[in-house]
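Beneath this line is the structure, given in structure tokens, with notes to follow.
The values are calculated or read from the model by the stated rules, or taken from the named source; none is laboratory data. Here the structure is a predicted model, which is why all the values come from computation and not from measurement. All Cβ positions, even for glycine, are placed from backbone atoms using ideal geometry, and neighbour counts span all protein chains on display.
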Amino acid sequence: MSDFSLLIDGKRVKGDLTMPILNPATEEVLAQCPRASEAQLNAAVAAAKAAFPAWSATPLAERRTHINKMADVIEANAAELARLLTSEQGKPLADATGEVLGMAGFFRYLGSLDLPMKVIEDSDGRRVEAHRRPLGVVGCIIPWNYPLLILGFKLPPALLAGNTVVVKPAPTTPLSTLRFAELVADVLPRGVLNVIADANDLGDVLTRHPDVRKISFTGSTATGQKVMASAAQTLKRITLELGGNDAGIVLDDVDPKKVAPGIFEGAFQNSGQVCLAIKRLYVHEKVYDELCDELVALANNAVVDDGLKQGTKLGPLQNKMQYEKVKGFLDDARKNGTIAAGGAAMDRPGYFIQPTIVRDIKEGSRLVDEEQFGPVLPLIKYSEADDAVRRANATTYGLGASVWSSDTDRAWKIASQIEAGTVWINKHLDMAPHIPFGGSKQSGIGTEFAEEGLAEFTQLQIINAAR
Ligand code: NAD
């Protein structure tokens, strides 16, 4: 595997430290990765700060051209990036390819947006204009489940708005991000994009840094709370995309055969390591057994293997910590429910867990109340739709949810009662760059995608002139 470097001030830089990155399908060392020291992080922030005046003064159309060129580079190198992504993250190669191309798509769409000045009043008394100004240095902190796609959510709007950026990938999945940075290094003026890697020790330094004006963070709710507390010291702008415990509510009028594949995909994509995956499924008693049987068949037929092998549907969990955590959820499921499919870690190297369906389980068990973030789906029986809505809402999370029904009007009514940033009907996990996305309650603060997301990378400035 080729050498990796940090990107600081337009230069490829060795880390002051190094760290091994494992392939989660084999537990073998994939590469030695450069690891930044605190001094290198500070150098990255200083480079971004120095690059800010010229970049923010660059016309928006020119910044857009740079973003489109980055999309070209991503597409031209999609095969290599996807392979690297699978090797460090674990997901099947086809999904990794989808992630890389999806990233390019987010660059193109988000890069096409605009922030036109608005005239608020133009009268004999005054002329008032609203401008969207860049903030300065933005820190982007990324989790390990979709390293490149989530970077594609943040980097294009941050740059388009005129900010300069320091990116920090997750410690177990930095390689594809470092390779991406190397590929696009020449596309941007030096210092506009800086990428460092850490061992979970520099996120807080970045968040506290007085020269960083905004943190765009995606990760767990627990870390998001720390980011918010640290950012408070300098009143940084923050966007927090955090954890979820998405409920799917299946009404009594569904055809179980028809809805099962969509539900399975919504729960098990990326081996369940999706913030917006279905994590609890409320199923009406009338269709409970039949839907359970359908999901069991899908789980038993899903090919779980190394993501680089053709035909793999589900890869390993991304890291040992998550693997151990999910095994804890399996113990809980055995105690508090009935395992209908899977139920165990696989006896082989790598962090593989069988896709698991758990029935006859209720609130009060960890698997229902907490975010499992793995391939284990609890099915909870209910008899009244109002009760299912109440139970779906009885959580501190509020990221996504879905309602499944053959009667769309009925599903819309129920959808509007659910406390979540996104509620889908007869699908789950349908996201696109023109559809704003964000969590309610403790699933997040702020919005990503679309104009709403772009605005979060700016400061509103009013100019109010006397006539
Ligand atoms: P995590 O919170 O452990 O780590 C996320 C990032 O934060 C990593 O880069 C990490 O190094 C960094 N970090 C660690 N400590 C920090 C600190 N004190 N200050 C600043 N940064 C710090 O999350 P994870 O385990 O990598 O990802 C899984 C979680 O992310 C799940 O809860 C999942 O639901 C959530 N997630 C949310 C979304 C969303 O859009 N809402 C998307 C993907 C994942």
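For first residues located in region 277-299 and in the same structural domain as ALA420 (by TED's automatic domain parsing), partners that are in a helix (DSSP H, G or I) and of a type in the set (S, T, N, Q) and lie 6+ apart or on another chain with Cβ distances below 9 Å form the pairs ALA277/GLN269; ALA277/ASN270. Check whether at least one residue in region 268-281 is outside any loop (DSSP other than H, G, I, E, B), within 14 Å of the ligand (Cβ to nearest atom), basic (Lys, Arg) and closer than 17 Å to GLY446 by Cα, and report yes or no. So far as region 268-281 goes, no, none of its residues is outside any loop (DSSP other than H, G, I, E, B), within 14 Å of the ligand (Cβ to nearest atom), basic (Lys, Arg) and closer than 17 Å to GLY446 by Cα.
Contact map, region 262-276: first residue closer than 15 Å to GLN318 by Cβ, second residue assigned to a helix (DSSP H, G or I) and within 10 Å of the ligand (Cβ to nearest atom), Cβ cut-off under 9 Å, separation 6 or more or different chains; pairs are GLN273/GLN322; CYS275/SER443. Scanning region 403-423 for residues that are surrounded by 20 or more Cβ atoms within 10 Å (Cβ to Cβ) and within 16 Å of the ligand (Cβ to nearest atom) yields ALA420, GLY421, THR422, VAL423. In region 311-336, the residues that are farther than 16 Å from LEU377 by Cβ and touching a residue at least 12 places away in the same chain (Cβ under 8 Å) reach residues that are loosely packed, with under 14 Cβ neighbours inside 10 Å and of a type in the set (A, V, I, L, M, F, W, C) with C-beta atoms within less than 6 angstrom, at least six apart or across chains, in these pairs: THR312/VAL303. Look at (1) touching a residue at least 60 places away in the same chain (Cβ under 8 Å); (2) surrounded by fewer than 16 Cβ atoms within 10 Å (Cβ to Cβ); (3) over 25 Å from THR172 (Cα atoms) and you find that GLY364 fails only one, number (1). What is the residue count in region 149-181 for residues that are of a type in the set (D, E, K, R) and away from the ligand (no atom under 12 Å from the Cβ)? Qualifying residue count, region 149-181: 1. Tallying residues that are more than 10 Å from GLY272 (Cα to Cα) and either touching a Pro at 6+ places or on another chain (Cβ under 9 Å) or hydroxyl-bearing (Ser, Thr, Tyr) (or both) within region 364-386 yields 5.
Considering only residues that are of a type in the set (Asp, Glu) and more than 16 Å from ILE150 (Cα to Cα), look in region 409-455 and name the one that is farthest from the chain's Cα centre (by Cα).
Start the filter on region 409-455 by keeping residues that are of a type in the set (Asp, Glu), which leaves 409, 419, 430, 448, 451-452.
Checking which are more than 16 Å from ILE150 (Cα to Cα) leaves us with 409, 419, 451-452.
On the way: ASP409: 31, GLU419: 20, GLU451: 19, GLU452: 17 Å.
In this case the residue turns out to be ASP409.
I'd like to know if region 208-219 contains one or more residues that are outside any helix (DSSP H, G or I), of a type in the set (Lys, Arg) and more than 9 Å from the ligand (Cβ to nearest atom). Within region 208-219, one or more residues are outside any helix (DSSP H, G or I), of a type in the set (Lys, Arg) and more than 9 Å from the ligand (Cβ to nearest atom). Per the listing GLY328, GLY343, GLY311, GLY307, the residue uniquely in contact with a strand residue (DSSP E or B) (Cβ under 6 Å, 6 or more places away or on another chain) and assigned by TED's automatic domain parsing to the domain that holds VAL358 is GLY343.
Can you say whether ALA199 is assigned to a loop (DSSP other than H, G, I, E, B) and buried (at least 23 other Cβ atoms within 10 Å of the Cβ), as far as the supplied structure shows?
Here the answer is no, as ALA199 does not meet what is asked.
Only one of VAL205, VAL184, VAL195, VAL227 is more than 16 Å from the ligand (Cβ to nearest atom) and in contact (Cβ under 8 Å) with a residue 60 or more places away in the chain; which?
On the way: VAL205 fails: more than 16 Å from the ligand (Cβ to nearest atom); VAL195 fails: more than 16 Å from the ligand (Cβ to nearest atom); VAL227 fails: more than 16 Å from the ligand (Cβ to nearest atom).
VAL184 is the lone residue from the list that is more than 16 Å from the ligand (Cβ to nearest atom) and in contact (Cβ under 8 Å) with a residue 60 or more places away in the chain.
When residues of region 74-117 are filtered for being among the hydrophobic types (A, V, I, L, M, F, W, C), over 30 Å from ASP305 (Cα atoms) and buried (at least 17 other Cβ atoms within 10 Å of the Cβ), how many remain?
Pass one, region 74-117, residues among the hydrophobic types (A, V, I, L, M, F, W, C): 74, 76, 78-79, 81-82, 84-85, 93-94, 96, 100-101, 103-104, 106-107, 110, 113, 115, 117.
Filter once more, so that each one left must be over 30 Å from ASP305 (Cα atoms): 107, 110, 113, 115, 117.
Filter once more, so that each one left must be buried (at least 17 other Cβ atoms within 10 Å of the Cβ): 107, 110, 113, 115.
Total meeting the criteria: 4.
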